[in-house]
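Heads up, the thing below is written out as structure tokens.
The values are calculated or read from the model by the stated rules, or taken from the named source; none is laboratory data. Please read these numbers as outputs of a predicted model, since none were measured by experiment. Here the Cβ positions follow ideal geometry from the backbone for every residue, glycine too, while neighbour counts run over all protein chains shown.
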Protein chains: 4
Amino acid sequence: MKLTLELAEKIAAAAIQKASEIGVPMNIAIVDEGANLKSFHRMDNAWLGSVDISIKKAKTARFFDMNTGEIGKLSQPGQPLFGIEHSNGGLISFPGGVVLKSGDEIIGAIGVSGGSVEQDHEVASAGTSAI
Amino acid sequence: MKLTLELAEKIAAAAIQKASEIGVPMNIAIVDEGANLKSFHRMDNAWLGSVDISIKKAKTARFFDMNTGEIGKLSQPGQPLFGIEHSNGGLISFPGGVVLKSGDEIIGAIGVSGGSVEQDHEVASAGTSAI
Amino acid sequence: MKLTLELAEKIAAAAIQKASEIGVPMNIAIVDEGANLKSFHRMDNAWLGSVDISIKKAKTARFFDMNTGEIGKLSQPGQPLFGIEHSNGGLISFPGGVVLKSGDEIIGAIGVSGGSVEQDHEVASAGTSAI
Amino acid sequence: MKLTLELAEKIAAAAIQKASEIGVPMNIAIVDEGANLKSFHRMDNAWLGSVDISIKKAKTARFFDMNTGEIGKLSQPGQPLFGIEHSNGGLISFPGGVVLKSGDEIIGAIGVSGGSVEQDHEVASAGTSAI
């Protein structure tokens, strides 16, 4: 299955609804199978610095086909991937980037930034439920 | 007037409809008053290289409060602004970036990329009609 | 309220006066609501490397609407935002960046660099008292 | 003679006064002998994209100890310095960058951006008259 713009918009809408429910304005980026940006939405009053972070979270998740928080565990001082954030023009390795799957097939990723990392992950996960 | 996400989505929808009518899949980026990305949509089968171009067109239009094609006339060899594209991390100075206005007030800009520059400009202009 | 150049100059003057009182030459950057540079002053004999740091501190504070030292607590190894400095072309997450507010409204941020982080924060805070 | 902050502020004030007289809001950057930023002012309603351009003009003028328009003549297609703008993280080679001199000694440079290149150069030149 391909990540169409129609599907990306459904995913973004589900994420925005969750963000509205928890009362935290978010930046929401979605990339496709090729890790190229498909859609982006900045909710009103969401952090400006999270534009770039949400996009980098989505790319990071698709770059390594795992949620960004998993990479962050491996990139701590003393861990095997320490410093990986220096690659690819900058990665973000804390939670909020989640792989988008259709069954077992990875079709892209969503990156969310604007709240605590737990909130970011919750909103990103809500987006995936729209697939 | 502030460029809300709701308004940005209306502008993007009007641009997407025009792109569909002329049968050219487009990348559509919208920035706010501060030249920060507000929304982005890549239509299915639109050029991947136009993700960055559409965003740069929107920023360029807001950076100088004029449509990008106007800057391009001035940045040709021998013209007054030759080489301006080297600033601001890269500008795009051919048509497709259009200022968003509410009356006389500039509230942001839209950048479109995916077809000929005439088509890009036509689709961006269609977006502005939604304000 | 908009951050005018007149107001930015008052803020910078208050910061420079405090820096003079404590005898530490400083770099002082001010950004507006859109995180775009509004004014910059490098006092005589202030560190050259702090030109960029002061600008990044101001941007970082406005990017996340909090003082830079708060972000630094969260970006330590093992903390939730470890590695956030890799975003937005480079952030600075130690003290010296302070949000500028008019009542509850955020109108920009000031970034100060040139002394200890405590001194930087003190001078930035002195700047805010001019609003 | 060293370019003190006091002198830089006098130069900036003279430039701002000229910009006000001709009714064009400008970005005004001043660098010192080491081509490092000393002061910057963005007048209200001046172009956002000219923040970077004014700084690059000031640096370019000091990098080569000549006004930026002189470099632009040499960087046209077919001329000896074609493409020089790719160096130093991006140069700006059209008018508006002017060397600051005390007698025969170069003490820095001023870069102005926000109007036509003739206006930019006029305002930069007005700044130099304050030395």
For this session: Residues that are closer than 12 Å to A:Gly97 by Cβ: find the helices (runs of 4 or more DSSP H) completely inside region A:1-79 holding 1 or more of those.
Result: A:50-64, A:68-74
For this session: Among the candidates C:Gly96, C:Gly72, C:Gly83, single out the residue that is buried (at least 18 other Cβ atoms within 10 Å of the Cβ), in contact (Cβ under 8 Å) with a residue 40 or more places away in the chain and not hydrophobic (A, V, I, L, M, F, W, C).
Result: C:Gly96
Exercise. Going by the conditions given, is B:Asn67 within 14 Å of chain C (Cβ to nearest Cβ) and more than 20 Å from A:Leu3 (Cα to Cα)?
Worked result: no
Exercise. Given the residues C:Lys59, C:Lys18, which is the only one that is surrounded by fewer than 24 Cβ atoms within 10 Å (Cβ to Cβ) and in contact (Cβ under 8 Å) with a residue 24 or more places away in the chain?
Worked result: C:Lys18
For this session: May I ask you to list the residues in region B:8-34 that are in contact with a strand residue (DSSP E or B) (Cβ under 8 Å, 6 or more places away or on another chain) and either within 14 Å of chain C (Cβ to nearest Cβ) or among the hydroxyl-bearing types (Ser, Thr, Tyr) (or both)?
Result: B:Val31, B:Asp32, B:Glu33, B:Gly34
Problem set entry | Any hit, region B:30-37, residues being under 11 Å from the mean Cα position of the chain (by Cα) and either β-branched (Val, Ile, Thr) or more than 26 Å from A:Glu9 (Cβ to Cβ) (or both) | yes
For this session: Could you list all residues from region D:99-125 that are among the hydroxyl-bearing types (Ser, Thr, Tyr) and surrounded by fewer than 19 Cβ atoms within 10 Å (Cβ to Cβ)?
Result: D:Ser102, D:Ser116, D:Ser125
Exercise. Checking B:Ser93 against (1) within 30 Å of D:His86 (Cβ to Cβ); (2) hydroxyl-bearing (Ser, Thr, Tyr); (3) part of a helix (DSSP H, G or I), which test does it fail?
Worked result: (3)
For this session: Answer yes if at least one residue in region D:35-48 is touching a Phe, Trp or Tyr at 6+ places or on another chain (Cβ under 8 Å), at pLDDT 95 or above, buried (at least 20 other Cβ atoms within 10 Å of the Cβ) and within 14 Å of chain B (Cβ to nearest Cβ), and no otherwise.
Result: yes
Exercise. Taking region C:101-123 on its own, how many of its residues are more than 14 Å from every other protein chain (Cβ to nearest Cβ), farther than 29 Å from A:Gly72 by Cβ and either touching a helix residue (DSSP H, G or I) at 6+ places or on another chain (Cβ under 8 Å) or aliphatic (A, V, I, L, M) (or both)?
Worked result: 6
Seminar exercise, completed: Exception for A:Thr128 within (1) farther than 18 Å from C:Gly78 by Cα; (2) more than 10 Å from chain C (Cβ to nearest Cβ); (3) buried (at least 19 other Cβ atoms within 10 Å of the Cβ) falls at (3)
